[in-house]
Amino acid sequence: MKTRSVFFYISFALVTVSGFAQNYEAKVDSLMNLMTLQEKIGQTVMYSGHWDQTGPIIGTDNDKYIREGHMGAMLNAMSVKGTRDLQKLAMEESRLGIPLLFGYDVIHGHRTIFPINLGLSASWDLKMIEESARIAAEEASAEGIHWKFAPMVDISREPRWGRISEGAGEDVYLGSEIAKAYVKGFQGEDLSQPNTILACAKHYVAYGAPQAGRDYHTVNMGEGELRNVYLPPFKATVDAGVETFMSAFNELNGIPTSGNQFTLRDILRGEWGFEGFVVSDYTSINEMIPHGFAKDSIDAARLGINAGVDMDMMGHVYRLHLEQLVEEEKVSEAYINDACRRILLAKFKLGLFDDPYRYINKERENTTKYKPEFLQKARELAAASSVLLQNKQQALPLSKNTKSIAFIGPLVKDEYDIIGNWAAKGDRNGKAVSVFEGISEYLKPEQILYAKGCDILDTGDSEFAEAISVSKKADAIVLVMGEGHHMSGEAASRTSLKIPGVQPELIAKIREANPNKKITLVLMNGRPLNLSSEVALVDAILEVWFPGTMGGAGTADVLFGAYNPSGKLTVTFPRNVGQVPIYYNMKNTGRPIPESNPKEDYKSNYIDVPNTPLFYFGHGLSYTSFEYSDLELSSESIGFSETLTASVNVTNSGNYDGYEVVQLYIHDKVASVTRPVKELKGFQKIFLKKGETKDVVFTISAADLKFYNHKMIYGVEPGVFEIAITPSSDFKFENTFTLKD
Ligand code: BGC
């Protein structure tokens, strides 16, 4: 189309005037001067390509919309060939030739799949998490992708919710640090480089607290909890320079989050100064109709754009209705201009106006995936993310000299579920290293015995007899069990937290047949499980989540002690589903259980199980042991502008070198609104050789003690604070300091 060149002359003229140290705003303005209202609306429209289904299937006529300039972005479109054809259509057959933006769900890796995000968080290794995001960006950008719908920074204390697997767990501080690491990894230092891509903080907001753990369900939450717990990781991504946000599916206190002016305009734009663009979740604007908030799709479009959602993912409502809404003066044209401007700005930052095909390079596509160094990092992360929950009788590590070890369970040979949910372009057909392959690096074939025993969801015991007979022949037993990958992720809530199917029965039978043998349970799953029965039946439990492409290799490294486990839980494991929600930084209540008399009546307790979880937040064992001693505070009190250092000696007193995650907690004893009984305020992952001692030092300032009070003022109040430096959240405070007036 000839008119396109008009824009290019303007664009190139500006490039010449301002050089490449860009004044993107001026370029966007000059481009927008050429655009019709419907073309501007076109930039706010995103449809799906045909590669993947990540929501309800909705008919779209993509080629037509691209030619008409009525579509600015696509999801689920990729590969050099696929994106080149689409980009060519936009560049050569639409009036203005504005490049398309290609987005995709690159959640925990693109081709090289890392452990699921909940697993990655258990590494407490910000550098490695950032590296995993960098690798994902390298691989995805080499296949034409400009933008990933990650990180998911939803705090969640709800193990029934399948999407807890996609987040960084239950804690605000840790979740915020991890959120920043992902953004840095995806976006890199310079967005104009073709191996960096836009990150997207999702799902804004409070999506991780659905009623009854059911996906997409209602969220009712006081503003204090929203601001103190659920918003901070999102704010952290803004501070880290995240370019885009995704509004969520859920309603929040009666207002759907994709039509919520308070969270989108007042907080995100007003308070935090976010300048990037906001995309809806998949049809979340339309879903305001069944929510009972919008009358029809016209009304939904009005509510979405007026609330500040700049781009409509799959909804058809912006494309069909915004022009009419502007004509009827129900939507200000300024909102459309703002949305279009933000989206164009992102395209400029990515360099798409310099070269719309810059992410489309066959050679890069062919050479970037599954690089040996990517796979090596995936292996290291699989090991670093695994959490040794229990290790009775030092069942682990296994010895390579054991005469025979029986590997039993539906996930021993699995190469399919092991890469977990939302595994982007991860290969489920043979690329992933199974546990069986992993252990084969350590054992000779004659040392390995195997039986499947059952499938993940089996209801019958037809394969039990063989598994029991195999178990009896071995000197040690390793069970590899858990959930299927489809049992967590979107629309995968569960009401039971038990290991599914007949697997628990098989565990019991194997123990019965082998009363004196050491049994290890390796678990793959996407959520905290109820392991109350299993802790008594097996000796060791190694939680490996869904550990990714190199999962079996990393798991074997831990099983045989080549890697000393260092992962710690970032989410509490309950004793049973009735304790949910249960998390380490709850409030105390007016009737806490007295330590001196745990059975005292009329206290905040259950009559059937203790209040304590099965495994605490921050818990994770090592093959060595660490001793903490000599906590020292630099001062007993500090003023508002002073800092305090807290230090502790950590000694590796066992027989293996290893990493330890040293955790700093505080407790604000009395405040104008009640504060949690414990709050993580810092951590350090340190490496100690056996016998080595390190002095671990934290610095605390008044700013670290801030919170939102009942008037929603963010500040700090003087008073007494308890403080501890510990290996997990299971401890009692013994020290205090005072923040002076
Ligand atoms: C999910 C998002 C995802 C989007 C696009 C939705 O169903 O909630 O997390 O980014 O689909 O695939």
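The values are calculated or read from the model by the stated rules, or taken from the named source; none is laboratory data. Predicted, not measured: the structure shown is a model, and the values here were computed from it. Every residue, glycine among them, receives a Cβ derived from its backbone with ideal geometry; neighbour counts consider all protein chains shown. Remember, those area values only see protein heavy atoms, side chains included, never the ligands or the DNA or RNA. Shrake-Rupley method; radii C 1.70, N 1.55, O 1.52, S 1.80 Å.
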Summing -39500 (n - 2.57) over the DSSP H runs of n ≥ 4 in the chain and dividing by its residue number, what mean residue ellipticity at 222 nm do you reach, to the nearest 500 deg cm²/dmol? -8000 deg cm²/dmol
For a quick size check, give me the Cα extents of the stretch 409-453 along its three principal axes, largest first, whole Å. 37, 23, 12
Order the following by accessible area, largest value first: His146, His486. Probe radius 1.4 Å; ligands, DNA and RNA are ignored. His486, His146
Pick out, from Phe186, Ile41, Ile607, the residue whose Cα sits farthest towards the positive end of the charge dipole of the chain, with +1 on the Cβ of Lys and Arg and -1 on the Cβ of Asp and Glu. Phe186
Once R0 is set to 25 Å, what does the formula 1/(1 + (r/R0)^6) return for the Cβ-Cβ distance between Gln684 and Ser635, expressed as a FRET efficiency to the nearest 0.05? 0.75
Contour minus Cα-Cα distance for Glu642 and Glu93 (0.36 nm per residue): 191.4 nm
Residues of the stretch 571-692: accessible area per residue at 1.4 Å, in Å²? 51
On a straight-distance basis, which lysines could pair with Lys603 in a cross-link, Cα separation under 27 angstrom, same-chain partners fewer than 8 positions away excluded? Lys587, Lys669, Lys678, Lys732
How big is the stretch 478-523 in terms of Cα radius of gyration and Dmax, in angstroms? 13.0, 42
Any idea of Glu595's accessible area? Nearest 10 Å², probe 1.4 Å. 140
Determine how large the accessible area of Lys425 is when every protein chain is in place; take a 1.4 Å probe and give Å² rounded to the nearest 10. 50
Rounded to 5, the percent of DSSP beta bridges in the chain classed as antiparallel: 55
Write down the accessible area per residue of the stretch 128-238 in Å², having rolled a 1.4 Å probe over the full set of protein chains. 22
Quick calc, the chain, dipole around Cα centre from Cβ unit charges on Lys, Arg (+) and Asp, Glu (-), nearest 20 debye, gives 840
Considering Cα pairs under 8 angstrom that are at least six residues apart, work out the relative contact order of the chain and quote it in whole percent. 13
For the chain, take the longest principal axis of its alpha carbons; what is the angle in degrees between that and the long axis of helix 317-327, to the nearest 10 within 0 to 90? 40
Grab the beta carbon distance between Glu512 and Lys669, set R0 = 60 Å, and tell me the FRET efficiency rounded to 0.05. 0.75
The stretch 369-566: spread of alpha-carbon positions along the three principal axes, whole Å, largest first, is 46, 41, 28
Assuming R0 = 41 Å, what is the FRET efficiency of Asn649 and Ser496, from their Cβ-Cβ distance, to the nearest 0.05? 0.40
Take the solvent-accessible surface of the protein heavy atoms, probe 1.4 Å, and return the percent of it on the chain that carbon and sulfur atoms account for. 49
If the viscosity is 0.692 mPa s and the temperature 37 °C, what translational diffusion coefficient in µm²/s does Stokes-Einstein give for the stretch 166-274 when Rh comes from Kirkwood over Cα pairs? 229
Any number yet on Rg/Rh for the stretch 535-688, C-alpha, Kirkwood? 1.01
Place a point 7 Å from the Cα of His486 along the Cα-to-Cβ direction; which residues of the stretch 436-469 have their backbone N under 19 Å from it? 454-460
Extension gain from Asp355 to Ser701, taking 0.36 nm per residue of separation minus the Cα-Cα distance: 119.8 nm
On a straight-distance basis, which lysines could pair with Lys330 in a cross-link, Cα separation under 25 angstrom, same-chain partners fewer than 8 positions away excluded? Lys40, Lys295
With a 1.4 Å probe and every protein chain left in place, tell me how much accessible area Lys706 has, in Å² to the nearest 10. 80
Can you give the Kirkwood hydrodynamic radius for the stretch 103-364, in Å, rounded to one decimal and based on Cα pairs? 18.5
Quick calc, the stretch 626-739, dipole around Cα centre from Cβ unit charges on Lys, Arg (+) and Asp, Glu (-), nearest 20 debye, gives 380
Whole-Å distance, taken between Cα centres, linking the stretch 77-124 and the stretch 293-339: 26
Rg over Rh [alpha-carbon atoms, Kirkwood Rh] for the stretch 626-739: 1.03
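Quick one: length gained pulling Lys444 to Tyr714 fully straight, 0.36 nm per residue minus the C-alpha distance?
Contour length minus Cα-Cα distance gives 91.1 nm.
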Alpha-carbon centroid distance for the pair the stretch 611-668 / the stretch 477-532, whole angstrom: 31
Over the Cα atoms, compute the radius of gyration (one decimal) and Dmax (the largest Cα-Cα distance, rounded to a whole number) for the chain, in Å. 26.8, 84
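If you average 1/r over every pair of different alpha-carbon atoms in the stretch 252-396 and take one over that average, what Kirkwood value in Å do you get?
Numbers: mean 1/r = 0.0532 Å⁻¹.
With all distinct Cα pairs of the stretch 252-396 included, I get 18.8 Å.
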Tell me which aspartates and glutamates have Cα within less than 19 Å of Lys444's Cα, excluding those fewer than 8 residues away on the same chain? Asp475, Asp557
